[in-house]
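Some notes on the structure that comes next.
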């Protein structure tokens, strides 16, 4: 049975895998500085895949592979839709990193807190502003 840390890291790896795929979709609809930022974020998430995979392996787990494809929550056929998708991807990462913050492992908690903040900043950039509780839907706050 996997430890809580490995389980939370697997959830995080799945979110990073989805982000890499999703930024590829988003980038196809962007140009100029938005494309440059999406490319930067795509590369960041590719690096995060490697980092999280190594963390899973170091804890005795086997990183789960990425899916061959992911279904976006809506058609990504414009720059506006691409920005919305990027914001949603970062929201998913905020939730995944929050799973690390809830653990007893101080190293994972610290890593999760820092990365959760970075994902919230990226989400705010793509969305054009922030939300009171980044990563949570309005329904979750009721």
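What follows draws every value from the coordinates through simple rules; no lab data is involved. Predicted, not measured: the structure shown is a model, and the values here were computed from it. A quick note on method: Cβ atoms are made from the backbone with ideal geometry, for glycine too, and the neighbour counts reach across all protein chains shown.
For the reader, a short list of remarks on this structure follows.
- Selection over segment 79-130 of residues that are within 25 Å of residue 35 (Cβ to Cβ) and assigned to a loop (DSSP other than H, G, I, E, B) gives a count of 3.
- Conditions (1) assigned to a loop (DSSP other than H, G, I, E, B); (2) surrounded by 12 or more Cβ atoms within 10 Å (Cβ to Cβ); (3) out of contact with any helix residue (DSSP H, G or I) (no Cβ under 9 Å at 6 or more places or on another chain); number of the one not met by residue 57: (1)
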